[in-house]
Each structure stands twice: as C-alpha cells, then as structure tokens.
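All remarks here apply to the structure that follows.
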Amino acid sequence: MRTEFDTELETRLLRYAAVDSQSDERGNTSPSTAIQLDLARMLAGELADIGAADVQITDYGAVLATIPGSVPDAPVLGLLAHMDTAPAFNATGVKPRVTRGYNGGAISFPDAPALVLSPEVSPHLGEKLGHDIITASGTTLLGADDKAGIAILMTMARHLLANPGLPHGTIRLAFTPDEEIGRGVDKRLPADLGAAFAYTLDGGAVGELEFETFSADGAVVTITGVSAHPGYARGKMVNALHLAAKLVALLPQHTMLPELTAGRDGFIHLYEISGGAAQAELRFILRDFELDGLAAKGALLRQAAEAVAATEPRAGVAVTIRPQYRNMRYWLENDMTPVRLAEAAIRAEGITPVSVPIRGGTDGSRLTEMGVPCPNLFTGMQEIHGPLEWVSVQDMAASVRVCLRLAGMAAGQAA
Ligand SMILES: [Zn+2]
C-alpha cells in the first residue's frame, strides 16, 4: 500500500535519523551542541537543491527558507520542525530500520534482543497493518521526534517547488535547534520567520491538532552547606546533601508528581540532584495548564525551601524559578482561525481531528506567546524519546497531504 510520497519520506527520514543531532541542556552555545549544525547544513543544502529561496542558517542555528507563493496577497504561512533529538536517551549511532508491510505482530530489534515493540506496548501500532514501520535498532532512540516533521516538510517543499502551479501563498520553513531543551525559539525567530501564523510538525498520532500546552517553569534550588574535615566536623559541618533530602521529603509525595498525574493535572518534577556535602543543586520542572496552578507549585517549592533553611541558619538555600513557556491557548482562543484551518485540512483528507492538551510544550508555545499563532500538527511519531520509538511511513504521507491542503486553504485567508 505505497502512496505517492512514501519512498521520498522513508529515504529522507532514514538519512536524517542517522545524523546525531542531540541537544544538551548544559551547552551554553546556540545551538547547544555543534552536531546540530551537521543536520542544519545537510538540510540547507537539500533546500537549495530543490530550489527553495532565501536558504539561510541563522547564527542561532535555525535553517530558514522560502517557498515562493503562487497566490498574491495571501498571508505568509510558517511551517516548523525541530532538528534536535531528546537528551533523554542515547541518540548516537542511530541505525534506522524499516519493517515493510507490518503484519500486526511483534517487531524485534537486532541490537537489543530482549526489546519488543508490539500493539500491547504501543496501541496505535495495532492500527498500522500493512504500513511500513521505521524504528531504530534497539540501543538508541529513532529521532522521528522530530525528523519525521522535517521529512514531511522537506517532502512537501520539494512537491510544491516541483509543481509551481499549485495554489498557495508564500511559505516560510524553519528547522529549529534545541526544542527538546526548551530553547528552540530565539527571540529573533518571529521576525526572521515573518509568518502571519504557523504550525509545528511535532505531534504524534494521525489527526492530532494541538492548540493547548502546559505552562512551564524551571526551578533550581541551590543548597550551600559548610564544608569541614569529617573527622573534626563536630559543630562545624553543614551537609548540603542532607538538607537536599529534607527538601525532597517536604515536597508532595502522593500527588503532583508526573508518575501520578494525567489529563489536566500539573506537577512538580525533581529530575536531577547534583553536588556534594558542600553544595547541592536540585533541578525541577513545574507544569500546569493554568498560570495560577503553576504559581502555586512555585510557591510550594519556595515554602519547602524556606522551611529547610529555617532548620539550619548556617546553610544557604536559594530558589530560582524561570519561565519556560506558556499555554498557547491563552492567545489562540482570541483567534481560532489557524486551528479551524488545520481542522478543515485534516477533515478534507478524511481524517478526524483529535485535539487534546499537550502535557508538554512545543516551539509553538513560545512562538504563539511572541505573536505568531502556532498550533501543532501530527507527524505519526510514537513512543518518542526511547528505544521503542517508531513511525509509519504512510502516516507521514498523510501528514504531507494535510500540509498541502493547509497551504492551499491558508492562501484563501485575507492577509
Ligand atoms: Zn518534538
């Protein structure tokens, strides 16, 4: 059951997935890792080859390009995907594989014999009989998040540039670095993109159209103790690690944790403790769909830190909370046009749109906040950020067709 775009999508995803482009929260540069520029250069070269205009790698590491429009006075449509893969799992040496004409059974992995991908562990897989399924080889993630999005946009761009008679307005493409570490949208990006509205291709199952994300803050608690020789420490040492343990014990244990919440409930997630007896650092992410709920979680963390500080006046306990992104719904609900257009494009392909709040954020969260309304569209990717990650070639093709419809429909809007 090969469709028009399958071969191109498959070839592109295999090529992009093999390039390690993992981001790193600790990187102080932009992009956070130089390897992301390997993929950026590959994509810029391919965009030039297919005839895209204005191909550019910005000094913050984003690849930008233009597909000239055939409809005058149409609004400029932005389409984005991110180049980096998640730091959460090994992304070095990805060896993508294709399981052709999926038969409904278990998919095995040559580099991890114990690993099994099946409809039992990944329910959407059961709907993909006959599809061509791309996975990694067992020891790495695949990086369909978000190289499926890149393959979809590159395929769409190639198709539009090869068929200049198709009606659409000017399309601006952006491939961003560092989405996975929440740094995908440089402050210059909205102006550089120059789009009236945009979409990220960074969603999962076929039909997904998301316009609501978490609001997100990051928090760092730094505990400074007093260092002393352990043999002569009586009355002197203040152990930062013990205070860190106290702080963790004061935080909610049976509620507000990622592993205990779903739907519209937010959480406080401690994801890293580092340091030693002299100084310890605890890193948290705070998430909620509503700003008051988010603020309450920050307040809870500060209260716990103050309580720990009160037990030991010689210690330093500092809490830094910084905003990461905000629920895009706050802006989109004022003008739902981009959402309605995408719904219409999805339905025009015979697919039912599915909109659920994303328990995460996208580059679109930041872009929307910065004045470029930017919902998120499906790519087909599943089980992301781990070794079971997979995507169906035919699902990616459905996404290309939706994007092509969308480009045509968006051209009918007043600029
Ligand atoms: Zn993603």
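The values are calculated or read from the model by the stated rules, or taken from the named source; none is laboratory data. Everything numeric in this text was worked out from a predicted model, so none of it was measured. Every residue, glycine as well, gets a Cβ built from its backbone with ideal geometry; the counts of neighbours run over all protein chains shown. The accessibility values were calculated without ligands, DNA or RNA, using every heavy atom of the protein model including side chains. Shrake-Rupley method; radii C 1.70, N 1.55, O 1.52, S 1.80 Å.
Those residues that are away from the ligand (no atom under 16 Å from the Cβ), hydrophobic (A, V, I, L, M, F, W, C) and touching a strand residue (DSSP E or B) at 6+ places or on another chain (Cβ under 8 Å), I need them from segment 75-115; list them, please. Answer for segment 75-115, where residues must be away from the ligand (no atom under 16 Å from the Cβ), hydrophobic (A, V, I, L, M, F, W, C) and touching a strand residue (DSSP E or B) at 6+ places or on another chain (Cβ under 8 Å): VAL76, LEU77, VAL98, ALA106, ILE107, PHE109, LEU115.
If the condition is being touching a strand residue (DSSP E or B) at 6+ places or on another chain (Cβ under 6 Å) and not in a loop (DSSP other than H, G, I, E, B), then segment 309-325 contributes ALA309, GLY316, VAL317, ALA318, VAL319, THR320, ILE321, ARG322, PRO323, GLN324, TYR325. Take the residues in segment 180-210 that are out of contact with any Gly (no Cβ under 9 Å at 6 or more places or on another chain), small (Gly, Ala, Ser) and in a loop (DSSP other than H, G, I, E, B), then tell me which one is surrounded by the most Cβ atoms within 10 Å (Cβ to Cβ). Among those that are out of contact with any Gly (no Cβ under 9 Å at 6 or more places or on another chain), small (Gly, Ala, Ser) and in a loop (DSSP other than H, G, I, E, B), it is GLY184.
Could you count how many residues in segment 212-228 are within 16 Å of the ligand (Cβ to nearest atom) and either open to solvent by 20 Å² or more (accessible area, probe 1.4 Å) or assigned to a loop (DSSP other than H, G, I, E, B) (or both)?
Total satisfying the criteria: 1.
Taking segment 142-192 as the search range and keeping residues that are in contact with a Leu (Cβ under 9 Å, 6 or more places away or on another chain) and among the β-branched types (Val, Ile, Thr), which one is farthest from SER70 (Cα to Cα)? My answer is VAL185.
Within segment 139-164, being part of a loop (DSSP other than H, G, I, E, B), at pLDDT 95 or above and either open to solvent by 10 Å² or more (accessible area, probe 1.4 Å) or of a type in the set (Val, Ile, Thr) (or both) holds for THR139, THR140, ASN163.
Count of segment 165-179 residues, restricted to those that are within 13 Å of the ligand (Cβ to nearest atom) and either of a type in the set (S, T, N, Q) or part of a helix (DSSP H, G or I) (or both), is 1. Considering only segment 340-360, I want to know if a residue exists there that is away from the ligand (no atom under 16 Å from the Cβ), open to solvent by less than 40 Å² (accessible area, probe 1.4 Å) and within 28 Å of PRO96 (Cβ to Cβ). Yes: one or more hits. Using the structure shown, decide if TYR60 is away from the ligand (no atom under 16 Å from the Cβ), within 21 Å of the chain's Cα centre (by Cα) and either within 17 Å of ILE35 (Cβ to Cβ) or in a loop (DSSP other than H, G, I, E, B) (or both). The answer is yes for TYR60. Spot the failing condition for GLU127; the list is (1) open to solvent by 10 Å² or more (accessible area, probe 1.4 Å); (2) touching a residue at least 40 places away in the same chain (Cβ under 8 Å), and only one is missed. Failed condition: (2). Screening GLU369 on (1) closer than 22 Å to ALA151 by Cα; (2) open to solvent by 10 Å² or more (accessible area, probe 1.4 Å); (3) more than 16 Å from the ligand (Cβ to nearest atom) shows it passes everything except condition (1).
Taking segment 250-262 as the range and being farther than 19 Å from PRO313 by Cα and either open to solvent by 60 Å² or more (accessible area, probe 1.4 Å) or at pLDDT below 95 (or both) as the test, the residues that pass are GLN253, HIS254, THR255, GLU259, LEU260, ALA262. Selection over segment 371-415 of residues that are in a loop (DSSP other than H, G, I, E, B) and either over 23 Å from ASN103 (Cα atoms) or among the aliphatic types (A, V, I, L, M) (or both) gives a count of 14. Considering segment 28-57, and only residues there that are without any contact (Cβ under 8 Å) to a residue 40 or more places away in the chain and assigned to a loop (DSSP other than H, G, I, E, B), the residue that is most open to solvent (accessible area, probe 1.4 Å) turns out to be ASN28.
Residue under question is GLY231, and the condition is that it be closer than 29 Å to ILE351 by Cβ and more than 16 Å from the ligand (Cβ to nearest atom); does it hold? Against the criterion (closer than 29 Å to ILE351 by Cβ and more than 16 Å from the ligand (Cβ to nearest atom)), GLY231 does not qualify.
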